[in-house]
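The values are calculated or read from the model by the stated rules, or taken from the named source; none is laboratory data. Everything quoted here is computed from the prediction, not taken from an experiment. Cβ: placed from backbone, ideal geometry, glycine included. Neighbour counts: every protein chain shown.
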Amino acid sequence: MPSDRRISELDVLRAAAIFGVVVIHSSFGGRFDQKTMAVQAGLARFFDWAVLAFFFSSGFLHDRNAPFITTLRKRAAALLIPFFLYNAFYIVCFLLLEAAGWLPAGTLKVHLNSFDAAMSCSPAFQLYFLPYLFVISTGVGGLEKLMHRHCRWSYLAMFSLIVMFYLEHGYPQMSHGSNSSNLPMYLAAFLIGIASRPFLEKPLAGLQTFWTAIFLLASILALFRFCEASLLVPPFLTAMAGGIQFIRNSGLLQFVGRMAGSIYLWHTPLILPVLARILSGCGVPSLVNFFGSIVLTLTICILLRVGLDAIFLKMMKRTTPRFLTL
């Protein structure tokens, strides 16, 4: 996600998280049998922390010393532009598919004379992440400038308010989704990222077994619907990656982590559902279809990103704009 710096542990975290996001979005009851849906539901609970990981990593990389206007400008370019761009793109795609008869009429109910209505009806449901991260990152940045030397107290105050909010209203059953009641939870993940940075910036070698055990414990708790534990998974997975050299230095995990933003933007609502439908129509067994469509989706998104990078580098002599790839 938006960052000018590459940290191996965070790339490993993003790689695991983006796989979890694709798993969560692979719930196609009409194409998978009951056993496959049970597997998908179990994996989705195990990866309940996946979206929180992106808020955590953004908090980890948050620059408290940057001028507020700079933060506002960068976040708007990196988050709001792709939000509106891809919403519009997917709406147009679905309208064209309806017009061609490839989707039932009325699949996308959009009043084109109302921009707000068009955005709210977008099939790209995963894009809620972008404005939420914009609000959180710029809000925290603005509060830091107001509090100046008392930032730590402001973090503690925000976290206390979050705890009070969920004690009053109850913690969500899932640690992801566009429901506005999840916004405090996403803010908590962002703040945990900020607070964790001093402890996790240096690889924590020698504690591999400890970090692995804590990561697995938190994931298992999330699996059994103790969703509060999901907030603990990103920092402990980051610590585990920093303590285990072959994971931290994995070229594959780092590469997928660098592609995570693009995969998030592109994997649905077209590529993943279409692949699952094609494989189902070809008679591929349900469970093979489930895992196969996920692997193919990841592969296609990565190839698209590599191709896009190559086109911009060769034709325009520049890197691909962040608003296209995150």
Inset, instruction - Pick out the one residue from LEU85, LEU108, LEU103, LEU97 that is part of a helix (DSSP H, G or I) and within 30 Å of LEU287 (Cα to Cα). - result: LEU97
Legend entry - Hits in the range 15-43 (condition: assigned to a helix (DSSP H, G or I) and either in contact with an Asp or Glu (Cβ under 7 Å, 6 or more places away or on another chain) or free of Cβ contacts under 8 Å to residues at least 24 places away in the same chain (or both)): GLN34, MET37, ALA38, ALA41, LEU43
Legend entry - Of all residues making up the range 105-155, the number that are polar (S, T, N, Q) and modelled with pLDDT of 70 or more: 6
Legend entry - ASP48 among the charged types (D, E, K, R), crowded, with 20+ Cβ neighbours inside 10 Å and in a loop (DSSP other than H, G, I, E, B): yes
Inset, instruction - Can you give me the number of residues within the range 298-326 that are polar (S, T, N, Q) and either exposed (fewer than 10 other Cβ atoms within 10 Å of the Cβ) or within 19 Å of the chain's Cα centre (by Cα) (or both)? - result: 2
Legend entry - Among the candidates ARG14, ARG31, residue that is charged (D, E, K, R) and modelled with pLDDT of 95 or more: ARG14
Inset, instruction - Go through the range 227-267 and tell me which helices (runs of 4 or more DSSP H), entirely inside it, have 1 or more residues that are of a type in the set (A, V, I, L, M, F, W, C) and buried (at least 24 other Cβ atoms within 10 Å of the Cβ). - result: 233-243, 251-266
